[in-house]
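Step one of this worksheet: look at the structure below.
Quick note: the coordinates plus some simple rules give every number you see, no bench work behind them. Quick caveat: nothing in here was measured; it's all calculated off a predicted structure. Please note: Cβ atoms are built from the backbone with ideal geometry, for glycine as well, and neighbour counts cover all protein chains shown.
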Amino acid sequence: MCLAIPGRIVEMDGQSAHLAVVDVMGVRRRVDLALLQEDAPVPGDWVLIHVGFAMSKISETDAIDQMQTLTMLGETQAAMEEVRGYGLEDVGKDQSGRRLKQ
């Protein structure tokens with residue numbers, strides 16, 4: 001099943017204009033915003049994410065509804081596995097995978 005997962009933009013990536021840090025149920029990952037150039041999201045906005053790309057902006061109400069739907073379908077764990085498997089490095093790690101000092 002293809003999952004579209006809601007996440008809230010926490011911050012924009014300082015090195016790449018089309019990347020942002022997004023929080024999905026406590027997991028923070030970098031997500032590509034390139035598909036949303038015409039209506040670029042900003043920190044605090046909610047987006048639907050699929051395979052590491054923000055596909056559309058959504059309201060917080062829609063984000064909550066989407067997570068409830070995923071929970072009802074028993075797909076929450078699969079959604080979190082998808083988030084963790086985007087292939088974009090974890091926030092808080094350098095390029096070699098070592099944790100950065102916070």
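Between the beta carbons of Glu38 and Leu73, assuming R0 = 22 Å, the FRET efficiency works out to 0.10 to the nearest 0.05. Here's the picture: a label point sits 7 Å out from the Cα of Asp62 along the beta-carbon direction, and within region 1-33 the residues with their amide nitrogen under 17 Å of it are 3-9, 33. Taking other residues whose beta carbon is less than 11 angstrom from the beta carbon of Glu11, and scoring Lys, Arg as +1 and Asp, Glu as -1, yields +1.
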